[in-house]
1. Quick one: accessible area per residue over the chain, 1.4 Å probe, rounded to a whole number of Å²?
2. Could you tell me what percent of the DSSP beta bridges with both partners in the chain are antiparallel, to the nearest 5?
3. Once you charge only the Cβ atoms, +1 for Lys and Arg and -1 for Asp and Glu, what is the size of the charge dipole of the chain about its Cα centre, to the nearest 20 debye?
4. With the Cα gyration tensor of the chain giving a ≥ b ≥ c as the square roots of its eigenvalues, does the rule (a/c under 1.5 for rounded; else a/b larger than b/c for prolate; else oblate) give rounded, prolate or oblate?
5. Where in region 114-183 are there GluC sites (Glu not before Pro) that are in a DSSP coil and have at most 14 other Cβ atoms within 10 angstrom of their Cβ?
6. Test of the criteria: in region 233-314, which chymotrypsin sites (Phe, Trp or Tyr not before Pro) are in a DSSP loop and have at most 15 other Cβ atoms within 10 angstrom of their Cβ?
7. Near residue 121, which lysines are there with a Cα under 21 Å away, not counting those fewer than 8 places off in the same chain?
8. Which helices of the chain meet both criteria: a Cα extent of 18 Å or more along the helical axis and a mean Kyte-Doolittle score no lower than -1.0, with helices taken as whole DSSP H segments?
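The values are calculated or read from the model by the stated rules, or taken from the named source; none is laboratory data. This structure is a prediction, so every number in the text was calculated from the model and none was measured. Here the Cβ positions follow ideal geometry from the backbone for every residue, glycine too, while neighbour counts run over all protein chains shown. Heads up: the accessible areas ignore ligands, DNA and RNA and are worked out on the full protein's heavy atoms, side chains in. Shrake-Rupley method; radii C 1.70, N 1.55, O 1.52, S 1.80 Å.
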Amino acid sequence: MSGIFKADEANICQAAELIKGGKLVAFPTETVYGLGANVYDAHAVAGIFAAKGRPSFNPLISHIAEPSQLAEYARADERALFLAKKFWPGPLTFVLPRLDENPALDLVCAGLKTITVRCPKHPVALELIRQSGVPIAAPSANRSQTISPTTAEAVYESLGDNVDMILDGGACEVGVESTILDLTTSQAVLLRAGGITKEELEEALNEPVAISDGNPNRPTSPGQLLKHYAPSKKLRINATERQDGELFIGFGPEYPWAEMNLSPKGDLREAAAHLFAYMREADKNPNFSRLAMAPIPFEGLGLAINDRIKRAAR
Ligand code: TXA
Ligand code: MG
């Protein structure tokens, strides 16, 4: 199924079943429409990147329905708990240290040690998350590099039938994305201006909030947000045969001898879903001192995979 469905009780229930089944559902929040999937289902999350046509793996916001779930999910300090109490549900997103190293979350976190969480203020979003029984990972429901959608029709125009269901809850009230606040550093850093203002945050925290210079790879503060953790072992990419000491990660059917294979059938979505967890596992394997990876085609999700492994291979 696909297309636009009125966000009534029956359709929200149906949408929650789709989320549980690993499908993609676009849903309204108070800011913009999100393109959602079960955070713990890497294959579904890979589908988000495929549908958006993102050329790299950006970390995604995990949406929760109860502010009190924050501490179960991220390493929330006092600042985060206080701000959540004051502004949630609402258009404020926190970047926090990950609570655990659950590899199922690696793709949502784009391989970072941080997790990004918000509790949206929209009855449809909250009901969908509750009924799905898991946090929902969702970027804005538009193709990469285009404007965030504030109506169900705009979602359909941008993503069409790449979404399994679009829940129509009318136009979004706020219309701009949530404020993103990095709380991984001693001074809070505003990464994106949005529905909650810097002044409101400073007043609540009773201390100044820094502003990121807009380059996520070079924040003004020492947080170094999008600096992905590279494997500690040297990674050789575009490899077609093994060299001494290497653990080989294949892609496609030509590598039956490889220790690991991102997708033996050569499916890029499957490869994306496995990428971070496999690299993590390979890095930990005590029997090998180096890593090598087979070439990944430069098409579809292969662009994002290549972007990531190129960084890891530096
Ligand atoms: O209002 C919103 O926030 C909407 C609704 C659907 O909740 N979502 C949204 O998600 O705008 P998205 O993915 O389109 O924008 C989130 C931005 C991305 O630019 C991402 O790179 C950045 O937040 N981001 C997420 N986690 C991050 C992290 N750990 N460190 C730095 N930047 C992060
Ligand atoms: Mg976006």
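1. 44
2. Expressed as a percentage, antiparallel bridges in the chain total about 40.
3. 980
4. oblate
5. Here the sparse-neighbourhood loop sites are 173.
6. Here the chymotrypsin sites (Phe, Trp or Tyr not before Pro) that fit, given the DSSP loop and packing criteria, are 257, 298.
7. Here the lysines satisfying the reach criterion relative to residue 121 are 6, 85, 86, 198.
8. Helices passing the filter in the chain: 268-284.
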